[in-house]
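So the structure is just underneath, and the comments pick up after that.
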Amino acid sequence: METLLAIAIGAVVTASVYLFLSRDLLRMLIGFILFGTSVNLAILLAGRIGPIRPPLVDPGAAALEAAANPLPQALILTAIVIGFGLTAFALVLVLKGHEALGTTSAEDMGEAEPVAATAPSTALPAPHRKAA
Amino acid sequence: MVDAPSWLLLAPLALAALAAVVAAFLPPRTAALLGAATAAAGFACYLAGLLALSEGGRITAPLMAVPSLGIGGGLAADGLSLLFAMLITGIGALIFLYSSAYLAHDPRLRRLAVMLLAFMLAMLGSVTADDVIVLFVFWEVTSLTSFFLVGFNHQDKGARQAALQALLVTGGGGLALLAGLVLVSSAAGTTSISGILAAREAVLAHPAAGPAMLLVILGCFTKSAQVPFHFWLPNAMAAPTPVSAYLHSATMVKLGVYLLARFNPLYQDEAAWQAILTWGGLATTATGAFLALRETDLKRVLAYTTVTGLGTLTMLIGIAPAQAAIAAVTFLIVHAFYKAALFLVAGIVDHETGQRDISRLGGLGRSMPLTAAAAVLAALSMAGLPPFVGFVAKELVYEVKIEGGDLAAVLLAVGFLVNAAMVAIAGVLSLRLFFGPLRPTPKAPHDPGFAMLAGPLLLAVLGLLAGSLPGLLGARLVDPAATAILGRPADAALALWHGLNPVLALSAATVAAGALLFVCWGRLVPRLRGLAFIDLLGPAAAYERGLAWTIATAERCTRAIQHGSLRGYLRTLFAVTAVAVLATLLFRGGLALPAFDPTGLDARALAFIGLIVGAVASATAPTVFIAVISMGLVGFATAIIFLVFGAPDVAFTQFAVETLLVVIFAAALVHLPIRRRSRRTGPERATDAVIAAATGLATTLLLLAVLATPYDRRLADWFGAESFPAAHGRNVVNVILVDFRALDTLGEITVLALAAFAVTALLRRGQEGKTP
C-alpha cells in the first residue's frame with residue numbers, strides 16, 4: 001500500500017514538474033498546485049499510513065490508541081491553507097501580468113525587468129530572450 | 001635581547017592611526033602639516049631606537065596577537081627594519097610638507113593626507129612586523145592604499161586603469177606571498193619571522209620548501225616591479241607626484257626588496273634563490289634602463305630608472321658575498337635620497353611650468369635656480385660621481401660584480417651599460433632641463449615656496465653629506481641593516497676613496513660612456529620609441545589580453561548562468577535536484593526497494609489511480625482549461641486519500657480548498673487565454689519530460705528509502721498521550737493546531753490575511769488604472 005502511494009506521488013511530481021517547465025504561467029501555476037499536493041501526500045506517507053480510524057481520543061480513555069498518526073495531519077492542514085493563500089496571490093499576479101503585458105508566457109515578460117539596450121557589455125548582461 | 005622600550009615601535013603606529021582619524025576633520029592644509037609632524041615624530045622614535053640598538057640586537061613590542069588562530073603577533077625591529085622605518089618616516093615628513101603646497105587650494109588635499117597617513121601606518125607595520133601574518137596584513141593594506149592613491153584623480157580613466165593594474169599585479173603577488181608564507185610558517189611551526197629564521201633547517205627540509213620559496217619570491221617581485229612585472233610601475237605615475245615619490249620610488253616598491261632581504265638569512269645558500277634574484281634583478285636593471293631611454297615624460301623616465309634601482313637591489317641580495325649586502329643597503333639609502341629628490345623636482349617642474357615632456361623643456365635654471373641646484377645635486381649622486389654618496393654605492397656595486405665569480409663578466413657588462421644609461425639620464429634630468437636654451441612653457445616658471453623646496457634640497461644635500469662622511473653612514477645605518485640581511489655580523493668600511501684600482505677605472509669609463517649617450521639622447525629617444533614591437537610583445541600587452549580574456553569569460557559565464565530565462569532556471573534546478581538525489585541514493589546505498597506484497601492492499605488503493613490519472617491528464621492536457629479540470633481531479637483524489645487514511649479534518653479542508661481553487665480559477669480564466677495550446681517544441685517536450693520523470697523517480701525512491709527506516713513515534717505518541725490530560729481535547733489534530741502549536745496557527749492566519757490584502761490591493765490597483 002505504502003509502495004503504491006509512493007509511486008502515485010512520484011507520478012504527480014512528474015506531472016507537476018513537467019507543467020512547471022512550461023512557458024505558460026497558468027500551466028506553471030497548475031504545476032505549482034500539483035507540486036504542493038504531492039508534498040502534502042508525501043508528508044502523510046512519511047508519517048506512515050494504515051489505520052482508517054481518525055486520531056480521536058476515545059471517551060473514557062486518556063491517551064490515543066490504534067489510530068492514524070495525528071502529527072502529519074496537523075502539518076498538512078497548515079500547508080494546505082498556506083498553499084491556498086500563495087496560489088491565490090500568484091494567480092492574481094498572472095492575471096495582472098496578462099493585463100499589463102498581454103501575455104501569460106514567462107519568456108515574453110522580459111519587459112517586466114527593463115534593461116537599457118545600450119548598456120555597455122561590461123554591465124550586467126541583458127536578459128536572454130528566446131524568439132516568441 | 002631587548003635594547004629599547006617597546007613603545008618606540010608602538011608609538012609611531014599609534015600616532016599615525018590617530019592622526020589619520022583626526023586629519024579627516026581638519027582643514028586640508030592643517031591635515032597635511034599634521035601628517036608631516038606625525039611622520040617626524042615617528043622618525044624621532046625610530047632614530048632613538050637605532051641609537052639604542054646594540055650590535056645584532058632588536059626591539060620588540062606586542063601587537064595583533066591572535067592565539068586562537070595560531071598568530072603569535074608582535075613587532076620587532078633590527079637594523080634593517082629601523083633603516084626602512086626611518087626612510088619611511090623621514091621621507092614621509094618631507095612628502096607631507098611638499099603635498100601641503102603641491103595641492104594647496106585643492107580640497108582633496110585632506111583626502112590625500114588621510115590616505116598617505118594610512119599608507120605610512122601600513123608601511124611601518126610591514127617593516128616592523130615580526131609575524132608573517134601581521135606582515136601580510138600590513139603588506140596588503142599598502143597595496144590597497146596604493147590603489148586609492150594611484151587612482152587619486154579618479155575622474156581620469158587612465159588613472160583608474162593604472163590603479164586597477166597596480167592592485168591586480170601587486171594583489172595577485174600578495175596571494176602568492178600569502179601561500180608562500182603559510183607554507184614556510186607551517187614548515188617552521190611558527191608564524192614568527194625570527195622563529196622561522198631560527199628554524200632554518202626545518203624550513204629547508206620541508207617537501208614544499210622549493211615552491212614556498214618561489215611563491216615568496218613571486219610576491220616580492222610583483223611588489224618591487226621586477227621583470228616581468230615591471231610594467232605596472234610606470235603606469236602608476238598617474239598618481240600625484242608626491243605619491244609617486246613616496247610610494248612608487250622611496251618606500252612601497254622597496255617592500256619586496258625588504259622581504260627578500262628579511263628572508264635572505266633563510267635562503268642565502270640556496271642556489272635557486274641566488275640565481276633567481278641575481279638574474280631577475282639583472283634583467284630588471286637592463287629592462288628599466290632600456291625602457292627609460294624610450295621615454296620623454298619626466299615621471300615615466302624616473303619610474304623606469306626606479307625599476308632599474310629595484311633590480312640592482314634584488315641582484316645584490318642574490319649575490320651571496322657579505323660585501324653584496326653592504327652594497328645593497330648603501331644603494332638602498334642612496335637611491336631613496338636621490339630618487340625621491342628627483343621625483344620632487346619633477347613635481348616642481350610639472351607644477352610650475354605645466355609641462356612634463358622633457359623634449360619640450362630646457363633652460364629652466366635661470367628662473368628656478370634653487371630647484372636646479374637640488375636637481376643637479378641629486379643627479380650627480382644618481383650618476384655616481386664623487387663626492388656624492390651615489391659614487392660610494394656604485395663603487396661598491398662594481399666591486400661586488402668584479403668578485404662575482406664566473407658571472408663577473410656578464411654582471412659587469414650589463415652593469416656597465418645600465419650605469420652608463422643612468423649617467424645619461426641623470427644628465428638629461430639636470431643639464432638638459434635646467435641649462436641650455438630656454439624653451440617656452442605653458443606657465444612662466446619660478447622657484448616654488450619653502451614647503452616644496454625643502455624636500456628635494458634636503459635630500460640632495462644629504463646625498464652630498466653622506467658621500468663626504470661615508471664612515472658615519474656605514475657604522476650607524478649600513479652595518480646593522482647588512483647584519484640583518486646576512487644573519488651574521490657585517491662590517492661596512494665605506495670609503496669615498498678606494499685608491500687607484502680597476503673599479504675606479506670602470507667608474508671613469510662609465511661616466512665617459514654616459515656622457516656620450518647624453519649627447520646622443522635627443523636623437524636616440526625617437527629611434528627607440530619607433531620600435532613598436534616592444535609595446536606589442538611586452539608583459540603589459542599580456543596583462544591587457546589576460547584582463548580582457550578574464551572579463552570576457554566572466555561575461556560568458558554570467559550569461560550562461562544568469563540568462564534571465566525562468567524556464568531555464570527551473571530546468572537547471574529540477575535537473576540538478578533529481579540527479580543529486582538519484583546519485584546519492586544509488587552510490588551511497590540509500591536504495592530500498594520493497595518486495596511487492598499484495599496482502600496489504602485493499603480497496604483504498606483505488607484512490608491512487610484517480611491521482612495518477614489526474615496527474616497524467618493535467619500534464620498532457622491540450623489546453624489550460626482541461627489542465628485545470630484535471631488538477632481538480634488530483635485534488636479530489638487527494639482528499640479521498642486523506643479521508644480513507646484516517647484524516648477526515650484534512651480531507652474536508654482539501655475539499656473546501658479544491659472547490660475554492662476551481663471557482664477562483666474559473667473566475668480568472670474568463671480574462672485569460674485558456675484555450676491556447678502549449679508552445680513547447682518536440683525536443684523541448686522530450687527534455688522536459690526526462691527532467692520531470694527523473695524528479696518523479698527521485699521522489700518515489702526517496703519516499704521508499706524513508707519508509708524503509710523505522711518511524712520515530714515519540715512526538716506522535718506524546719501528542720496522543722498529552723492531548724486529553726493537558727489540553728482537554730479529544731481531537732488530537734485540533735489540539736495540536738489550536739493549543740500546542742497555537743502560535744504557528746496564528747502565523748498561518750496572518751499569512752493568509754496578508755495574501756488576502758495583497759490580492760485585494762492588486763485587483764483594486766488595476767481598476768483605478770482603468771477608470772480615470
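Taking the Cα of residue B:584, stepping 7 Å toward and past its beta carbon, and measuring to each backbone N in region B:687-722: which are under 18 Å?
Residues passing the 18 Å test: B:694-710.
If I model a spin label as a point 7 Å beyond the Cα along the Cα-Cβ vector, how far apart are those points for residue B:663 and residue B:359 in nm?
8.9
Report the FRET efficiency, 1/(1 + (r/R0)^6), for residue B:679 and residue B:108, where r is their Cβ-Cβ distance and R0 is 60 Å, rounded to 0.05.
0.55
What is the calculated FRET efficiency for residue B:153 to residue B:712, with r their C-beta to C-beta distance and R₀ = 41 Å, to the nearest 0.05?
For residue B:153 and residue B:712, the calculated efficiency is 0.05.
Suppose only helical runs count, i.e. DSSP H with n ≥ 4. What mean residue ellipticity at 222 nm does that imply for the protein assembly as shown under -39500 (n - 2.57) per run, divided by all residues and rounded to the nearest 500 deg cm²/dmol?
The helix-only estimate for the protein assembly as shown comes to -23500 deg cm²/dmol at 222 nm.
Placing +1 at every Lys and Arg Cβ and -1 at every Asp and Glu Cβ, with all other atoms neutral, what dipole size does region B:15-123 have around its Cα centre, in debye to the nearest 20?
360
Have a look at B:446, B:44, B:185 and report the one farthest towards the positive end of the charge dipole of the protein assembly as shown, computed about the Cα centre with Cβ charges (Lys/Arg +1, Asp/Glu -1).
Working it through, the farthest residue towards the positive pole turns out to be B:446.
What's the local net charge at residue B:551, with K and R +1, D and E -1, over the other residues with C-beta under 12 Å away?
Summing Lys/Arg as +1 and Asp/Glu as -1 gives 0.
Distance in nm between label sites at residue B:739 and residue B:726, each 7 Å beyond Cα in the beta-carbon direction?
0.9
Could you tell me how many cubic angstrom of Cα convex hull volume the protein assembly as shown has per residue?
Spelled out: Cα convex hull of the protein assembly as shown, divided by residues, is 248 Å³.
Given the peptides B:310-320, A:26-36, A:81-91, B:177-187, arrange them by the average over their residues of other C-beta atoms within 10 Å, most packed first.
By packing density, highest mean first, the sequence is B:310-320, A:26-36, B:177-187, A:81-91.
Treat each spin label as a single point 7 Å out from the Cα along the C-beta direction, and report the residue A:61 to residue B:524 distance in nm.
Between residue A:61 and residue B:524, the simple spin-label model gives 10.6 nm.
Please name which of B:268, B:378, B:565 has its Cα lying farthest along the dipole of chain B towards the positive end, using unit charges on Cβ (Lys, Arg +1; Asp, Glu -1) and the Cα centre as origin.
Selected residue: B:565.
Could you work out the mean count of beta carbons from other protein chains within 10 Å of each residue's beta carbon in B:572-581?
1
Cα axis of helix B:714-727 to longest principal axis of chain B: angle in degrees, 0 to 90, nearest 10?
60
Hey, got a sec? Which chymotrypsin sites (Phe, Trp or Tyr not before Pro) in region B:664-768 land in a DSSP loop and have at most 16 other Cβ atoms within 10 Å?
Sites meeting the loop and neighbour criteria: B:711.
By the gyration tensor of its Cα atoms, with a ≥ b ≥ c the square roots of the eigenvalues, what is the shape of region B:697-751: rounded for a/c under 1.5, prolate for a/b over b/c, or oblate?
Note, shape of region B:697-751 comes out oblate.
Given charges of +1 on the Cβ of Lys and Arg and -1 on the Cβ of Asp and Glu, with all other atoms neutral, how large is the dipole of chain B about its Cα centre, in debye to the nearest 20?
Result for chain B is approximately 2580 debye, rounded to the nearest 20.
Before we go on, tell me the buried accessible area for the B/A pair, both chains summed, 1.4 Å probe, in Å² to the nearest 100.
Answer for the B-A pair: about 8600 Å² buried.
Which of B:286, B:210, B:69 sits farthest toward the positive end of the charge dipole of chain B, with +1 on the Cβ of Lys and Arg and -1 on the Cβ of Asp and Glu?
About the Cα centre, the residue reaching furthest to the positive side is B:286.
Could you state the per residue volume, in Å³, of the convex hull enclosing the Cα atoms of region A:1-55?
Cα convex hull per residue, to the nearest whole number: 70 Å³.
Averaged over its residues, how many other protein chain Cβ atoms are within 10 Å of peptide A:45-54's Cβ atoms?
Mean shielding count: 6.
Quick one: plug the Kirkwood hydrodynamic radius of region B:387-500 (C-alpha pairs) into Stokes-Einstein at 4 °C, 1.567 mPa s, and report D in µm²/s.
Roughly 75 µm²/s, to the nearest whole number.
Which whole number gives the average count of other chain Cβ atoms within 10 Å of the Cβ atoms across peptide B:590-598?
That average works out to 1.
Quick one: work out Rg over Rh on the C-alpha atoms of region B:1-88, Rh as Kirkwood radius.
Here the Rg-to-Rh quotient is 1.05.
Counting other C-beta atoms within 10 Å, and keeping those with at most 16, which DSSP coil trypsin sites (Lys or Arg not before Pro) do you find in region B:437-530?
Filter output for region B:437-530: B:443.
Would you work out what percent of the accessible area of the protein assembly as shown, with all protein chains in place, is carbon or sulfur (probe 1.4 Å)?
71
With both bridge residues required to lie in the protein assembly as shown, what share of the DSSP beta bridges run antiparallel, to the nearest 5%?
90
Please give the per residue accessible area of the protein assembly as shown, computed with a probe of 1.4 Å over protein heavy atoms only, in Å².
Heavy-atom accessible area per residue stands at 41 Å².
What's the ranking of B:293-305, B:506-518, B:543-555 by average number of surrounding C-beta atoms within 10 Å, highest first?
B:293-305, B:506-518, B:543-555
Magnitude of the Cβ-charge dipole of the protein assembly as shown, K/R +1 and D/E -1, about the Cα centre, nearest 20 debye?
Charge dipole, the protein assembly as shown, about its Cα centre: 2520 debye, nearest 20.
For residue B:131, what residues show an amide H to amide H distance below 5 Å, using hydrogens built from the backbone and excluding near sequence neighbours?
It is B:193, by chain and number.
Loop only per DSSP, at most 14 neighbouring Cβ atoms within 10 Å: give me the GluC sites (Glu not before Pro) in region A:1-109, ordered by residue number.
Here the GluC sites (Glu not before Pro) that fit, given the DSSP loop and packing criteria, are A:65.
Mind giving me the FRET efficiency for residue B:465 and residue B:557? R0 is 56 Å, r the Cβ-Cβ distance, nearest 0.05 is fine.
Rounded to the nearest 0.05, the efficiency is 0.40.
Could you tell me, in Å, what Rg and Dmax come out for the Cα atoms of chain B?
Cα-based Rg and Dmax for chain B come out at 37.9, 117 Å.
The values are calculated or read from the model by the stated rules, or taken from the named source; none is laboratory data. Quick caveat: nothing in here was measured; it's all calculated off a predicted structure. Cβ coordinates were reconstructed from backbone atoms using ideal geometry, including for glycine residues, and neighbour counts include every protein chain displayed. In case anyone asks, the SASA skips ligands and DNA or RNA and just uses the protein heavy atoms, side chains included. Shrake-Rupley method; radii C 1.70, N 1.55, O 1.52, S 1.80 Å.
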